[in-house]
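All remarks here apply to the structure that follows.
The values are calculated or read from the model by the stated rules, or taken from the named source; none is laboratory data. Just so we're clear, the structure is a prediction, and the values are computed from it rather than from any experiment. Don't worry about glycine lacking a Cβ; one is built from the backbone with ideal geometry, like all the others, and counts go over all protein chains shown. Ligands, DNA and RNA are stripped out before the accessible areas are found, and what is left, the full protein with its side chains, is counted by its heavy atoms. Shrake-Rupley method; radii C 1.70, N 1.55, O 1.52, S 1.80 Å.
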Amino acid sequence: MLHYTINNGLASNTIYDIYKDPEGFFWLGTDKGISRFNGLTFENFTTADGLSDNECFFFKQDLYGRLWIGTYNGQLCYYKNGIFHNEKNTPWLKIPVAVARTSQITINKDSSISISFCDNPLILEIKNEKKKILTAATTNEKHAEVNMFRYTRKLSEDRYLFVYKYDALIVNFKTGKTEKQVPIYPELKSIASKHGPLILMQKNGVLSTIDDECRLSAFSFINLPESSAFYQLLYSGQDTFFVSNSGIKSNRQEIFKEVKSAFSSYISGNLLLVGTSNKGLFLFDLSGKVRNTLDPQPQGDIDYAQIIGNRLLILNKQSTVSIYRTSDFKKAETIQVRQFNQMASALNFFRDNYFYSLASDTNYRIPLTGSPLKPQPIYDGEFNTSPKNFVDLDTVILMEGRQKICTIKADDLKTKRTMTFKRDLGVRPHFKSLFGFAEESDKNIWVSTIQKIYKVRADSLIPQPQFGNLAFREMLFLQQNLIGITHDNRLVVCHNYRGSAVSADTLSSGDCVWNKLLKLNDSTLFITTNNYPRLLRFFSRSGKNSFRIRTL
């Protein structure tokens, strides 16, 4: 086994997809750009090289030799003849409507490509360099729900197959009618479509295929943990590999124990390449020969720390809670959160004497007063999205998911077995995701979509026109400033964000990808990047506020 991480030149240890091009190069989509691997070394690309976004989820090559890249901000981007094409250097790629996050790119039989997005029910069809937007007037509200949509492909002119969580249907965009509808029961848990046939995995573990006539055919069964997300099904001779966030399992019951968070995989001859959510790239020799093991493995950063009673609790990015005695600061206990919650996007936090791990499918609270520590499930029939941020307002918890903001009564969170929501602030009618999320010192909350910034007031989201077209994927308040990271990798410091027009300083960096903003104190910001962290420090000079940034 070979193991590659950022220490070997990878752009990031989180790898969403692996693609092998006709020349034999492996392309790795990560949250910090793209790594191209020739078998020995990595070459990395970011927005400075022409990418439309640094978070790249997957690749699809069309019949014209264009390598299309699915991105977080949804903007079109492809690679051909050594050039990354985006809407700035290739104007016909600009999409005339607001979208966010590419959910799927399908190469159709007629050489056209179909692109769908997480936050908009339209289908963008491209043939040669011509674009066409398709919307189905009869698609009802349930099928317009973003979290229900799973897959689409073109069957013939104007006719498309759609797969949702509870059913599949054929829609005719010319007539605006649904021609056929087939229920999926039990509900669709996950879908694998990147390589080979389209495979559906239902909640009971049944694997099925679906054809162009919208017919489901069950062919196998896979016994994976209930909380597993099924990503791919791979074939290699007589061997079948099931790739999920709980690892990789073969039809011979072989389990690759080194991989606990697989996002993507690829088979090349006798090599199995596996990209993970936090451990980098693994190469396995399917002939069974162990070739090498690289050491040490990368260590995760600390996400959260808190003293509760006589114990210090520290949470790292690998979802491990280390508990230390404050008397001598020796480790007393360790909680592996993933044993309770397998979801990679869980929100983990401490409150009172409880540890909470909340995700879209499974939620747990763990009382920290007893021993041994026993998780208690919290059922959720309403939220149905992975929470990203939360604000503690004493009596209520304000939680932000990808598409809405909800409040939970604090007493309910620690005493009840079902989460109940008082507020649902969302931008769902416009199908726009929530990205940046920031809390002012007076506990006012600001959020950003792909194209606009809002302030949370009572039960509404109030647009903030003073920002114009400025929007952030990450933002934070410090002193009298709003600092944000834009979707095209610019660091922006907004000085009078409450005024009629924002004045801002913009820092573009070609040598790094801005990642996280972390407040150290009232005047200093710690910024993580893929190429050394940075410190941004505010200070006063001649009665005027200024700032300085330096690389650590």
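The largest accessible area among Asp49, Asp17 belongs to the first residue in Asp49, Asp17, and the rest follow in falling order (1.4 Å probe, all chains). The largest accessible area among Tyr379, Tyr160 belongs to the first residue in Tyr379, Tyr160, and the rest follow in falling order (1.4 Å probe, all chains). FRET efficiency for the pair Lys20 and Lys331, taken as 1/(1 + (r/R0)^6) with r the Cβ-Cβ distance and R0 = 51 Å, rounds to 0.75. Given a Förster distance of 60 Å, report the FRET efficiency between Asp352 and Ser250 from their Cβ-Cβ distance, rounded to the nearest 0.05. Step by step, r from the Cβ atoms, then E = 0.85. With a 1.4 Å probe rolled over the protein heavy atoms of all chains, the accessible area of Thr486, Thr415 falls in the order Thr415, Thr486, largest first. Accessible area per residue was computed with a 1.4 Å probe on protein heavy atoms; Ile255 scores about 100 Å². Measuring between their Cα centroids, the range 7-85 and the range 476-517 lie 26 Å from each other. For Leu40, the accessible area of its heavy atoms, probed at 1.4 Å with every protein chain present, is near 140 square angstrom. Of the solvent-accessible surface of the range 433-540, computed with a 1.4 Å probe and all protein chains present, 45% belongs to carbon and sulfur. Of the cross-linked pairs Lys154/Lys452; Lys189/Lys374; Lys109/Lys165, those separated by over 31 Å at the C-alpha level are Lys154/Lys452.
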